[in-house]
1. Would you please list the contacts, defined by Cβ atoms under 6 Å and residues six or more apart or on different chains, that run from a residue in the range 538-566 that is more than 26 Å from Arg484 (Cα to Cα) to a residue that is near the ligand (Cβ under 9 Å from one of its atoms) and at pLDDT 90 or above?
2. Based on what the data block shows, is Val576 over 20 Å from the mean Cα position of the chain (by Cα), under 26 Å from Tyr286 (Cβ atoms), surrounded by 20 or more Cβ atoms within 10 Å (Cβ to Cβ) and touching a residue at least 40 places away in the same chain (Cβ under 8 Å)?
3. Any idea which of (1) under 26 Å from Ile297 (Cβ atoms); (2) surrounded by fewer than 19 Cβ atoms within 10 Å (Cβ to Cβ) is the one Tyr508 doesn't satisfy?
4. State all residues of the range 344-371 that are aromatic (Phe, Trp, Tyr) and either in a loop (DSSP other than H, G, I, E, B) or in contact with a Lys or Arg (Cβ under 8 Å, 6 or more places away or on another chain) (or both); if no residue qualifies, say none.
5. Does any residue of the range 611-623 turn out to be surrounded by fewer than 19 Cβ atoms within 10 Å (Cβ to Cβ), in a loop (DSSP other than H, G, I, E, B) and either charged (D, E, K, R) or touching a residue at least 40 places away in the same chain (Cβ under 8 Å) (or both)?
6. Can you tell me how many residues in the range 485-520 are within 20 Å of Val550 (Cα to Cα) and either free of Cβ contacts under 8 Å to residues at least 60 places away in the same chain or not aliphatic (A, V, I, L, M) (or both)?
7. Test each condition in (1) modelled with pLDDT of 95 or more; (2) in contact with a helix residue (DSSP H, G or I) (Cβ under 9 Å, 6 or more places away or on another chain) for Pro294 and report the one that comes out false.
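The values are calculated or read from the model by the stated rules, or taken from the named source; none is laboratory data. Quick caveat, the model's predicted, so the values are computed rather than measured. Note that each Cβ is placed from the backbone with ideal geometry, even for glycine, and that neighbours are counted across all protein chains shown.
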Amino acid sequence: MADPKHSSTELSEAEIAVHWKEEEYFYPSARFISQANLVDHNVEKRFSLENFPNYYKEYADLLDWYQYWQTTLDTSNPPFWRWFVGGLLNASYNCIDRHLARNKGKAAIIFVPEPEEEPATAITYQELYVRVNETAAALREFAGLKQGDRVTIHMPMVPELPVTMLACARLGVIHSVVFGGFSGQACGDRIADSGSHVLVTMDSYYRNGKLQDHKEKADQAVAHAQTCGAKVNKVLVWRRQRGAYHSKTPMVKGRDFFMDEVLPNYFGKIVAPVQVKAEDPMFLMYTSGTTGKPKGIQHSTGGYLAYVAGTAKYILDIHPEDIYWCMADIGWITGHSYIVYGPLALGTTSVIFEGVPTYPDAGRPWRIAQRLDVNIFHTAPTAIRQLRKVGPEEPRKYNYHFKLMVTVGEPIEPDVWRWYYNEVGKKPAVIVDTWWQTENGGFLCSTKPALNPMKPGSAGPGVPGIHPVIYDEKGKELSPGSQRAGNACIRNPWPGIMQTIWGDHDRYVQTYYAKYCKNRKSKDWRDWPYFAGDGALYAADGYLRILGRVDDVINVAGHRLGTKELESAALMVPEVAEAAVVPVVDPIKGRLPEVYVALKPGVTIAHNEIQKKVVASIETTIGKIARPAHVWVAEDMPKTRSGKIMRRVLAALSNNMAVGDITTLANPDVVEHIKTMVQAHAKPAAPADAPEDIKRFGQSE
Ligand code: WT7
């Protein structure tokens, strides 16, 4: 237990004592251990810093190289790390071709459509090989793409998405997949930033029982990209139902083409995999940061692929014969690393599910698990909470057997963890709580499933080779067991780490390394710890408990939303003078954004009108995933004397917490007014122990 005296003394924000009940350990079964990939107790020693960076040869050796690399890690230009220098490889070859000799008839992907009456389809490694080759031929010859070009892919959860990604990888073309739920405008921003001239999309897809129009977003994306000065020459449109078009928007002549009409021209065409350098970029993945513009996180080919293959093998315990199902969306990093690249590099069978887990009812995931005999299951706390809420006893009605389950994306409450363990995993399944980020390529912290006991709510120690360290604001290390929250950092580089932010090297250095860099001139990696942007607590056993973001990023259902991005969307509404966005605790999604707006002087408009406009603007600029829990219309914003909006105060009000000292505000009376307004709206009781991210929110300004 935390020492109560810390909470009453003056401490810097990052050192706030955290009241945290130690949870008891849960141990993996003998049966799990007997089949696990990683059972060597010596692994800690092999992957100790003394052996850095050479221990990552083990990961690189999971891949096939055209030319073996010479230098494990080149640190001559920190923090621009170069892994496996001198190596040549191809990701599509590693995920497909090399499995053909022994496993061409094995399912690479099993696609489960949302409509339950539509049967699941298996795509064998041979079939995937043919489809990827034909698609690569079309991308090269029809769309004119070559190595180093960028392509934006805005697609739902269908097999054509990994087919397109792998076709890009075959050509050395850099893909930038934008989550299908993002709006056309958000997609357009990413098209422009990446400099893509080709957009790959789909006409429609099933979600919640309805066939959604998706192609309309492509038209918005192209139009928006144009306003940012970027020209899209070709839009390639997959069709959910071959030959049938399910979008209201017309195809634009000379720009839009149906993939099912283009592909027959490349029937049976084989494209030799392009041999790329290990450090050639493989893809971009946009993510939100503190400032407005999303960051194009750039990942390498060799380092990234080696890292996801290694972590999928040792932490997910993927064996070639497993049926592995990750319920994340491929449009996020989890899907890239642990639906597509990691599992396929290991030659396993990866399930892709089109729909939402609770449609048509909360038994759906367990019916899928039973029917396909899934034995590894991967999802996020938000889905677990939702499934528990609507179908707490559904799992026991179905006959499936998981050996391992994953939770990722946000902290999981110990209570939710126990339901996952007891009900979904039926006790035999091991749980790994994997903490990592878009920027990291693969896992940072997790228990090693056969070697470490599980502790509900804690991610665990660093995975092999990752050496975490927790710093306070001043750069002092907080030792395990110190019971103080600090900033989670990693001492050493690793192969899966991003290479840079696309087109913005300075922002890359500033965001992730400036804070704790010991010497900017140093060429020694030891001087460049990686700053993750998460608060964490280091337990005496070396397990990390992640407390959430320390910057103004809101983690909604495991997805990052930038406060500033939402605020600029609200400010697009002409009547709005000022906007502030804060996180509010939600029992299912973890956090939701709440928006405060103040109107321009003289504006008279009904509050519900302005609320609708703000919500609409957020949905158009970002997407429905960013829909706020509430829009409050305030007569003014609480401000400092220098005119800065005090988001900290608003976050406290939204979460029914004490606002703290407001005597230094320029307009303390505004706080009373907002409080009355917010409290009139039914609010849950104040949390006994306010979450760290909410307590700290807005402090960094
Ligand atoms: C942020 C990264 C790559 C995973 C999907 C989200 C939070 C992630 C955990 C976990 C507690 C977690 C962190 C992190 N997060 N995993 N196991 N326990 N928090 O990727 O969108 O880049 O978000 O998600 O706050 O910084 P992302």
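1. Gly562/Val553
2. On the way: over 20 Å from the mean Cα position of the chain (by Cα): yes; under 26 Å from Tyr286 (Cβ atoms): yes; surrounded by 20 or more Cβ atoms within 10 Å (Cβ to Cβ): yes; touching a residue at least 40 places away in the same chain (Cβ under 8 Å): no.
In short, no.
3. (2)
4. Of the range 344-371, the ones aromatic (Phe, Trp, Tyr) are 353, 359, 366.
Matches in the range 344-371: Tyr359, Trp366.
5. no
6. Residues that pass the stated criteria total 16.
7. Single failed check for Pro294: (1).
Matching residues to (1) at pLDDT below 95; (2) touching a Pro at 6+ places or on another chain (Cβ under 9 Å); (3) surrounded by 15 or more Cβ atoms within 10 Å (Cβ to Cβ); (4) not charged (D, E, K, R):
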| residue | (1), (2), (3), (4) |
| --- | --- |
| Ser12 | yes, no, no, yes |
| Glu23 | yes, yes, yes, no |
| Ser29 | no, yes, no, yes |
| Pro113 | no, yes, yes, yes |
